[in-house]
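Have a look at the structure below before the remarks.
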Amino acid sequence: MKITFPHLGNLYIAAESLLKGLGHEPVTPPPTSRRTLELGSYHSPDEVCLPFKISLGNMLEGLAQGADGVLMIGGWGPCRLGYYAEIQRLILKAFGKQVEFITLEVPRGRWGEYLGRFRTLTASTDLRTFWQGARLSWVKLKAVEELELHAVSAQPREKNEGTVRPYLRRQLELLRTAQTVDEVQEICDAASRGFRELQAHDAVRPLRLGLVGEIYTVLEPFANLRLEERLGSLGVEVVRTISLVEWVRNHIFKKAVGLYSLAPLRRLAAGYLRGFIGGHGLESVARSVALARQNLDGIVHILPLSCMPEIVARAILPRISEDHGIPVLSLIVDEHTAEAGFQTRLEAFVDLVQRRVERFEGQRQARLSGS
Ligand code: SF4
């Protein structure tokens, strides 16, 4: 089967290997663009959240490239993700697209249904090829994250401005074409040295801002207007709190066998939020507390307009900010977000955090010289 899937950052690199291992032909949609969003928005109900619209646009672009199947993740809980796949399937059907829609989600006891979907996916492969593809895909997913983490650390320290991001893009292209686990390892080792060489040895300590929010908006550069890159070019090191590798480990593997627990997050969020509210709302609150305890310089919170779990988190973050003395910026994005205004808000926040850090440093120096 020719299978397409929605973009989520650089996840397509791992998804391609997985689908090949499963005996399918991956049809990677073109990089998400304004056209993708317009296409998705045109066929979506007005009030749905931004990730729905963009992912539907990706599917339509993938189908236009000849795909006859769609791979999508599902979800459950008090947020709209649980309905995404079904509504998108119905929209595509109403649009005259006869496609096989395969939704991967945690079984929640419906193992028969889950295994049925899994069999559709694995029907055209043998166990050995499947295992090799799945392993390569997992290794690539971890490698993508490793390269991206190198980039967020290297960009605010770069020797020559504007060198880190193009270097990251070249390494990701190499990773995409890697055929074996050893090749992936070699790329990561060489890239680790490469990123080090791009950094100035005498670089000053950059500002460190934690990033929390709704997972799709955090991970998809089109949806977040290349937030990490923008912050990096303002001299900020972004501290990520969301990892796709961790998400897959927790929500696909551990949750399926009952090994995933929200208890650590609940403990962190205690006093602010009692439990799961869907999406990443609890994580946003819990991770913000953790970031404040790590003495980060500030927190950036990003969410799509009308995202219920993050709206709840957004209402709580000012209290965390006040209790822990850490500045927080909440950014809401939708299809009408203008780049200029977005950039201005980021610059103003970075400026505020920078002056605050300098003031504290001045007070510390004064105390030391006075003693
Ligand atoms: S977490 Fe928010 S943006 Fe994501 S699906 Fe749920 S409501 Fe929509």
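Taking the condition of being outside any helix (DSSP H, G or I) and within 14 Å of the ligand (Cβ to nearest atom), how many residues in region 212-254 meet it?
Number satisfying all stated conditions: 7.
Only one of these is touching a helix residue (DSSP H, G or I) at 6+ places or on another chain (Cβ under 8 Å), among the hydrophobic types (A, V, I, L, M, F, W, C) and assigned by TED's automatic domain parsing to the domain that holds Val285: Leu225, Leu168, Leu147. Name it. None of the other options fit; the residue is Leu225.
Cβ-Cβ contacts under 8 Å between residues 6 or more apart (or on different chains), taken from a first residue in region 211-225 that is closer than 23 Å to Ile326 by Cβ to a second residue that is away from the ligand (no atom under 13 Å from the Cβ) and acidic (Asp, Glu), are listed as Leu211/Glu228. Looking across Leu90, Leu71, one residue alone is on the phi < 0 side of the Ramachandran plot and crowded, with 21+ Cβ neighbours inside 10 Å. It is Leu71. From the list Phe222, Phe195, the lone residue that is closer than 25 Å to Met308 by Cα and modelled with pLDDT of 95 or more is Phe222.
Residues in region 320-342 that are surrounded by 13 or more Cβ atoms within 10 Å (Cβ to Cβ) and assigned to a helix (DSSP H, G or I): 4 in all. Among the residues here, Arg274 does not qualify as surrounded by fewer than 18 Cβ atoms within 10 Å (Cβ to Cβ), closer than 18 Å to Gln354 by Cα and modelled with pLDDT under 95.
Please indicate, with yes or no, whether at least one residue in region 150-165 is of a type in the set (Val, Ile, Thr), surrounded by fewer than 21 Cβ atoms within 10 Å (Cβ to Cβ) and in contact (Cβ under 8 Å) with a residue 40 or more places away in the chain. Scanning region 150-165, I find at least one residue that is of a type in the set (Val, Ile, Thr), surrounded by fewer than 21 Cβ atoms within 10 Å (Cβ to Cβ) and in contact (Cβ under 8 Å) with a residue 40 or more places away in the chain, so the answer is yes.
Kindly evaluate Gly279 against the criterion of being on the phi > 0 side of the Ramachandran plot and within 16 Å of the chain's Cα centre (by Cα).
yes
With respect to Arg293, determine if the residue is more than 16 Å from the ligand (Cβ to nearest atom), modelled with pLDDT under 95 and out of contact with any Lys or Arg (no Cβ under 6 Å at 6 or more places or on another chain). In short, no. Within region 77-106, being more than 16 Å from the ligand (Cβ to nearest atom) and either within 24 Å of Glu310 (Cα to Cα) or under 22 Å from the mean Cα position of the chain (by Cα) (or both) holds for one residue alone: Ile102.
State yes or no: is Leu317 surrounded by fewer than 21 Cβ atoms within 10 Å (Cβ to Cβ) and more than 15 Å from the ligand (Cβ to nearest atom)? Answer is no for this residue. Looking across region 343-371, the residues that are buried (at least 16 other Cβ atoms within 10 Å of the Cβ) and of a type outside the set (Val, Ile, Thr) come down to Leu346, Phe349, Gln354, Arg356. Within region 1-50, the set of residues being in a helix (DSSP H, G or I), within 16 Å of the ligand (Cβ to nearest atom) and crowded, with 24+ Cβ neighbours inside 10 Å comprises Gly40, Leu50.
Determine, yes or no, whether Ala292 is assigned to a helix (DSSP H, G or I), surrounded by fewer than 21 Cβ atoms within 10 Å (Cβ to Cβ), among the aliphatic types (A, V, I, L, M) and in contact with a His (Cβ under 6 Å, 6 or more places away or on another chain). When the stated conditions are applied, Ala292 passes them.
Under 18 Å from the mean Cα position of the chain (by Cα) and under 26 Å from Pro221 (Cα atoms): is that true of Leu346 in this structure? Spelling it out, it is not the case that Leu346 is under 18 Å from the mean Cα position of the chain (by Cα) and under 26 Å from Pro221 (Cα atoms). When we screen Ser288, Ser306, Ser243 for residues that are touching a residue at least 40 places away in the same chain (Cβ under 8 Å) and touching a Cys at 6+ places or on another chain (Cβ under 8 Å), the only hit is Ser306.
Scanning region 255-285 for residues that are within 23 Å of Gly82 (Cα to Cα), assigned to a helix (DSSP H, G or I) and out of contact with any strand residue (DSSP E or B) (no Cβ under 6 Å at 6 or more places or on another chain) gives Lys255, Ala256, Val257, Ala263, Leu265, Arg266, Gly281, Leu282, Glu283, Val285.
The values are calculated or read from the model by the stated rules, or taken from the named source; none is laboratory data. Note that the structure is predicted; figures quoted are calculated from it, not measured. When we count neighbours, we look across all protein chains shown, and the Cβ atoms used for this are built from the backbone with ideal geometry, even at glycine.
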